[in-house]
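Peer 1: Handing you a structure now.
The values are calculated or read from the model by the stated rules, or taken from the named source; none is laboratory data. Predicted model only: the values in this text are computed from it and were never measured. All Cβ positions, even for glycine, are placed from backbone atoms using ideal geometry, and neighbour counts span all protein chains on display. Accessible surface areas use protein heavy atoms only, side chains included; no ligands, DNA or RNA. Shrake-Rupley method; radii C 1.70, N 1.55, O 1.52, S 1.80 Å.
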Amino acid sequence: MLLRARNIFKTYAMGRTEVPVLRNASVSAEKGEFLVILGASGSGKSTLLHILGALDTPDRGTVEFDGESVTLLPAARRNHYRNQKIGFVFQFYHLLPEFTVLENVMMPRMISQSVISWITTRRKARRDAQALLERVGLADRVLHRPKELSGGERQRVAIARALVNRPAILLADEPTGNLDSKIGEEILRLLVSFSDEGQTIVMVTHDLQLASHAHRRLLLEDGALREYRESRPSTHFAAKEVAP
Amino acid sequence: MYKWFFAWRYLHTKLIALFGVASVTLCVAMVLVVLSVMGGFLDTLRERSRGLHSEIVVESGSIQGFPYYQQFEAYLNKHLPNVIKTTTPAIYSYGIVRVRATAYTRPCRVLGIRLSDYIQVNEFGNGLHYEGFYPGTTKLGAQGMPLAGFNETNRLALPPDHEQASAVWRKKQSDLAAIDEYDARPFETAPFPKELAVTSGGSRVFSMHFESPRYEGPERYGVIIGSDLLFDRLSGGRFDRYLARGANISLTLMPLSQTGSPTGEPPVKLPLRYVDDSHTGIFEIDDLCIYVDFDMVQHKLGMDPQPRVDGGTTAARTNQLLISLQPGVGLYESKAGITDAWNEFILEIDRNLSAADAQSLSFVKVHTWEDLQRPFINAVEKEKVLVTFLFALISIVAIVLLGCIFYMIVEKKTRDIGTLKALGASSGGVASIFISYALVVGISGSVLGTLVGSLFVWNINGIQDFLASLNPQLRVWSPEVYSFDKIPEVVKTADAIWVASIAVVASVIGSFIPAALAGRVWPVQALRYE
Ligand SMILES: Nc1ncnc2c1ncn2[C@@H]1O[C@H](COP(=O)(O)OP(=O)(O)O)[C@@H](O)[C@H]1O
Ligand SMILES: [Mg+2]
C-alpha cells in the first residue's frame, strides 16, 4: 500500500465548542490508483486531504507512506515529503501572482535547490516545466502571469506545478469546484489522462459526476469513510450537497 | 534558492518596497551628510589649529607675561639640540585699532611676533595676502608707504622691489588664469595722499601719484591685520580691501606692570602702517587679531628691561615661547622633555629671583598645540557624537517603518506563504525570504543613500549658495558661527562603509519580527479560502 491513513481523529476547537470533524477515518491508496472521496460540503474532505499531505496533523491516528509514518516525521523530512512525494491541487489554484506561469511550475524545484545546485539544475527544471505545460496545453502561455489566465487555465498550471517533481501521489481538493461544468470536465479528463499513465491520484469532491472515472469511490460521512455504493439512494447525498 | 528569487521579485513588483528603499536611502544619506560635515569640520579644525600655533607652546596665560625666556631659549638650544628646531617669543595683548582714513575703530588682540621666525614655526606665512603676490615685501619693521607712479617708460608701476617681487611670483605661478587675472588688473589705485581705493572690492590696492614710483615717508612700523577685522567678505572668499597698502593705522595699547596693574602712564598710541592682512581661515582669529613687531611692542608695553628702584633692571618678558621641533621627534615626548628642561632651568635660576619674577614664572606651563585646542576640539567632537546619535535615533524610526512595511507584505502574502509551505518550503525558508528581502532592500537603500549623501556633501556649498540666492535666511552655514569659510565637502570612505553596513544590518533586524510571523503561518489556515 502506497499511502495508508488509520483511525484518524481530528477535532477543531471553535471557541469553547469543539467540532469533531474526523472520527476514526481510515483510508488507503494503492500505487496507480485513482481514488475519489465523496462527501458533502463541510464533511471534512479538505481536512482529511491536508492530513494525508502532511499539511496538518491528526489528533490521533497515523498516516503511513510506503510503510513509513508521516505523522512522526521531523519538520525537515515533512517538508521534503510535501515537496517530493506529494503534489497538491487546490480548489482556488493558489498560484503565486508575482511569478510567470513557467516560474510557478518550476517553484517546487526551486524550493528544493540551493543557489549553487540551482545553477546546474536550472535548465532541466525549465525543460521539465515546459514539457508539462505543453502536456496540459499551455505551451504558448509560459510567460504570462496567472491573472492573465482563465480559471481552467490556472488550474492546468496548478496541475503542472503539482506534478513537476514527479510526486508519488497527487492530492486534488475539489479541483473543479470553482469552474463551470464544461471546463471542470476538461480538468477531469486531464487528471484521468495522467491517471492512465500510472499517476496515483486521490481526489475529494462533492460532485458525484466527477467520480465516474474513479477506480474506487469512498464516502466521507460523519467523520468516517466507507465504500460508496451506487445503489445507495443518492437523494440523501444530493440534498446535503446543496446545503451550504 | 527561491528566497533570493522571491526577494528580488518582490523588490520590483511591490511599490511598497520602494518606500522601504527610500527610507533606508534617506537615513543613510542623512547620517552620512551629518557625519561628513561634522567630521570634516573637526578635521579642518585640527589642521588649522595646528597651523596656528607652533608644535610646543610655553606660556604663562597671564597678560603681563613671564621673564627669562631668552635664557630658556639658550638653555634649550644647549641641552636639547636634537629636539628643538626653532624658538621664537610672542606677546599677547589687547588694544584698539583705528583706521586713520575713516576713523573706524575695533578692539583687537595684539600679537607681537618676530615675523621671519614666526612663519617658520607655523603656517602663518601661507595666509598673508600681499606677501603672496609680492614675496619678501611684508615686513613689520619701520617703513614708508609704497606709492605707485609713472616710471621712465611712462608706465604706471609699483616701486622696484614690488615689481621684482611680482616677477618672482609670476615665475612660480603655474595657474595661468591667475596670471591673466593679475595682468588684467595688477592693482587698484587710491589717489595719494588719500588711502582709500577708488573702486571697492580691489584685491591689491596701492596709493598712486604722478611722479616716479617710490616709498613715501614717514617711516612707521608695520601691522598685519586679520582679514575679517577691517574688511567685508565678498562672495567667492574674496575681501573688499578698500585700504591702500601702507595706509596709516593707529593702535592704542595699555601697558601693565609685571604685577599686572596699569603702569600709571597714559595708554600708548602707536602709529603703524598696514602692510598685509592674514587669513588663517578661523573666523575668531581673523576677526580679532593683529600682528606687530615683537621688539617694538615689547618696548611699548614696558615688557623690555626696566630700571628698578634698587638700581638694577627687570628682565624682559614675553607671553609665549613658541617652539618648533626637529622632524621626526614625537610631540608628547618632546613636551615631557621640555617640561623637564623648564623645571631644571627654574631650579638653576632660582637663587637670584625677585618675588615678582618667581610669581610670574610659577604660571608657566608647557603645552602642545593639541593641548591648547583640546577644549574646543573636544566640544566639537562631543557635538559630532551627539548629532550623529540623534540622527541614528531618527533612523530607528526608519527601521520601525521598514518593519511595518514587511509586516504589511507578510499580511498580504499569507496565502502565498501557505502555498509555498504546501509546496514543501520550510518555516525557516519562508522566514528567510523576508530576511533576504530586507537584505536586498537594505543594500539597495544603502547604495543609493551613499550615492545621494555623497553627491549632497560634494556639492553642499553650491546647494547652500543656491538656497541663499532664493532667500538669504536659508544660509545656514555662516563663517561667524562655524569659524570656517566653507562647509567641509569630503566624504570619508570609512564613514560611508560604516553607515551603509549599519543600515543593512538594521534593515535586516527590522525584518526579524515579520519574518518570524511569516515562518509561523499555518498553511492549512492560509489556504482554506480564496
Ligand atoms: N481551522 C478551523 N477551525 C474551526 N473549524 C474548522 C477549521 N477548519 C475546518 N473547520 C470546520 O471543519 C469542518 C470540515 O471542514 P473541511 O475539512 O473544510 O470540509 P470540506 O472540505 O469537506 O468542505 C467544517 O465544519 C469547518 O467549518
Ligand atoms: Mg473543502
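Peer 1: Restricting to DSSP H runs of at least four residues, report the calculated mean residue ellipticity at 222 nm for chain B, -39500 (n - 2.57) per run over all residues, nearest 500 deg cm²/dmol.
Peer 2: Theoretical 222 nm ellipticity from helices: -16000 deg cm²/dmol.
Peer 1: So between B:THR339 and B:THR105, what do we pick up on full extension, going 0.36 nm a residue minus the alpha carbon distance? Could you put the intermediate results ahead of the total?
Peer 2: On the way: separation 234, 0.36 × 234 = 84.24 nm, distance 4.06 nm.
Stretched out fully, the B:THR339 to B:THR105 stretch lengthens by 80.2 nm.
Peer 1: Same structure again: Taking DSSP loops as anything outside H, G, I, E and B, show the longest stretch in chain A free of GluC sites (Glu not before Pro) there with at most 14 other beta carbons within 10 Å.
Peer 2: On the way: sites that count: A:GLU30, A:GLU197, A:GLU230.
The reported range is A:31-196.
Peer 1: On a 0 to 90 degree scale, rounded to 10, what angle separates helix A:75-84 from the longest Cα axis of chain A?
Peer 2: Its long axis makes an angle of about 70 degrees.
Peer 1: Send over a whole-number figure in Å² for the accessible area per residue of segment A:22-94, probe 1.4 Å.
Peer 2: Normalised by residue count, the accessible surface of segment A:22-94 is 36 Å².
Peer 1: Continuing with this model, one more query. Counting only protein heavy atoms and a 1.4 Å probe, tell me what percentage of chain A's accessible area is made up of carbon and sulfur.
Peer 2: Roughly 49 percent of what the probe reaches on chain A is carbon or sulfur.
Peer 1: Moving to a separate point now. Within chain B, which whole H helices from DSSP have a Cα span along their axis of at least 20 Å and a mean Kyte-Doolittle hydropathy of 1.6 or more, if any?
Peer 2: Qualifying helices: B:427-458, B:493-510.
Peer 1: Something else now. Give me the Kirkwood hydrodynamic radius of the protein assembly as shown, using the inverse of the mean 1/r over all pairs of distinct Cα atoms, in Å to one decimal.
Peer 2: The answer is 34.5 Å.
Peer 1: Leaving out ligands, DNA and RNA, calculate the buried accessible area for the pair A and B with a 1.4 Å probe, summed over both sides, in Å² to the nearest 100. Please report the intermediate quantities before stating the final value.
Peer 2: On the way: alone 12460 and 26270 Å², together 36170 Å².
In total, chains A and B hide about 2600 Å² from solvent.
Peer 1: Which parts of segment A:46-75, residue by residue, lose 50 Å² or more of accessible area when the rest of the protein chains are there, as against the chain isolated (1.4 Å probe)?
Peer 2: A:LEU55
Peer 1: Once you have all Cα-Cα distances for segment B:435-478, histogram them in 10 Å bins from zero and send the whole-percent values.
Peer 2: 27, 30, 22, 16, 5
Peer 1: Continuing with this model, one more query. Quick one: longest stretch of chain A between exposed loop trypsin sites (Lys or Arg not before Pro), exposed meaning at most 15 other C-beta atoms within 10 Å and loop per DSSP?
Peer 2: By the stated rule (loop sites, at most 15 other Cβ atoms within 10 Å), A:32-228.
Peer 1: Can you give me the angle between helix A:151-163 and the longest principal axis of chain A, using Cα atoms only, in degrees from 0 to 90, rounded to the nearest 10?
Peer 2: 80
Peer 1: Summarise the accessible area of chain B (1.4 Å probe, protein heavy atoms) by the percent that is carbon and sulfur.
Peer 2: Solvent-exposed carbon and sulfur of chain B make up 61 percent of the total.
Peer 1: Show which lysines lie in cross-link reach of A:LYS182 when reach means a straight Cα distance below 27 angstrom and same-chain residues fewer than eight apart are skipped.
Peer 2: Output for A:LYS182: A:LYS45, A:LYS147, A:LYS240.
Peer 1: If the reach is capped at under 28 angstrom between alpha carbons, list the lysines near B:LYS139, excluding any in the same chain fewer than eight residues apart.
Peer 2: Within reach: B:LYS85, B:LYS171, B:LYS172, B:LYS194, B:LYS269, B:LYS300.
Peer 1: Which residues, if any, in segment B:420-454 have at least 50 Å² less accessible area in the whole protein complex than in the isolated chain, probe 1.4 Å?
Peer 2: B:ALA422, B:LEU423, B:GLY424
Peer 1: Taking amide H positions as placed in the peptide plane 1.01 Å from N, state which residues far from B:LEU128 in sequence (5 or more) or on other chains have amide H under 5 Å from it.
Peer 2: Under 5 Å from the amide H of B:LEU128: B:HIS279.
Peer 1: On to the next question. Over chain B, what is the mean sequence separation of C-alpha contacts under 8 Å (at least six apart), divided by residue count, expressed as relative contact order in percent?
Peer 2: 27
Peer 1: Probe of 1.4 angstrom, ligands and nucleic acids ignored: what's the accessible area per residue over segment B:403-459, in square angstrom?
Peer 2: Heavy-atom accessible area per residue stands at 36 Å².
Peer 1: Here is a follow-up. How big is the antiparallel share of DSSP beta bridges in segment B:62-362, given as a percent to the nearest 5? Provide the component values of the computation, followed by the final result.
Peer 2: On the way: 44 of 61 bridges.
If I count the DSSP bridges inside segment B:62-362, around 70 percent turn out antiparallel.
Peer 1: For peptide A:94-101, how many partner chain Cβ atoms fall within 10 Å of a residue's Cβ, on average?
Peer 2: Counting other chains' Cβ atoms within 10 Å and averaging over A:94-101 gives 5.
Peer 1: Distances over 36 Å make up what percent of all Cα-Cα pairs in segment B:62-362?
Peer 2: The calculated P(r) of segment B:62-362 puts 26 percent of pairs beyond 36 Å.
Peer 1: Along the Cα-to-Cβ line of B:PHE150, 7 Å from the Cα, sits a label point; which residues in segment B:209-235 have backbone N less than 16 Å from it?
Peer 2: In segment B:209-235, the label zone of B:PHE150 (backbone N under 16 Å from the point 7 Å along Cα→Cβ) covers B:209-214.
Peer 1: For n ≥ 4 DSSP H runs only, could you compute -39500 (n - 2.57) per run for chain A, divide by its residues and tell me the 222 nm figure to the nearest 500? Intermediate results must be reported in sequence, preceding the final value.
Peer 2: Values: 7 runs with 88 residues, N = 244.
Rounded to the nearest 500, the figure is -11500 deg cm²/dmol.
Peer 1: What area, in nm² and to one decimal, does the C-alpha convex hull of chain B cast on average over all directions? List each step's numbers first, then the result.
Peer 2: Numbers: hull surface 140.0 nm².
Averaged projected hull area, Cα only: 35.0 nm².
Peer 1: In chain B, once you exclude exposed chymotrypsin sites (Phe, Trp or Tyr not before Pro) (DSSP loop, at most 14 other Cβ within 10 angstrom), what's the longest stretch remaining? Show your work: numbers first, answer last.
Peer 2: Working: sites that count: B:PHE210, B:PHE363, B:TYR529.
The reported range is B:1-209.
Peer 1: Determine the per residue accessible area of segment B:62-362 with all protein chains present and a 1.4 angstrom probe, expressed in square angstrom. Write out the running numbers ahead of the final one.
Peer 2: Working: 13990 Å² over 301 residues.
In whole numbers, segment B:62-362 has 46 Å² accessible per residue.
Peer 1: Taking the Cα of B:GLU284, stepping 7 Å toward and past its beta carbon, and measuring to each backbone N in segment B:374-396: which are under 11 Å?
Peer 2: Counting only backbone N, you get B:374-380.
Peer 1: Between the chain alone and the structure with every protein chain in place, find the residues of segment A:106-145 that drop at least 50 Å² of accessible area; heavy atoms, 1.4 Å probe.
Peer 2: Flagged in segment A:106-145: A:MET110, A:ILE111.
Peer 1: Now a separate question. May I ask you to derive the relative contact order of chain A, considering only C-alpha pairs under 8 Å and at least 6 residues apart, and to give it as an integer percent? Walk me through the numbers before you get to the answer.
Peer 2: Values: 440 pairs, mean separation 74.7, N = 244.
About 31 percent, as a whole number.
Peer 1: Would you mind giving the average projected area, over all directions, of the Cα convex hull of segment B:400-468 in nm² with one decimal?
Peer 2: Convex hull of Cα atoms, orientation-averaged projection: 6.4 nm².
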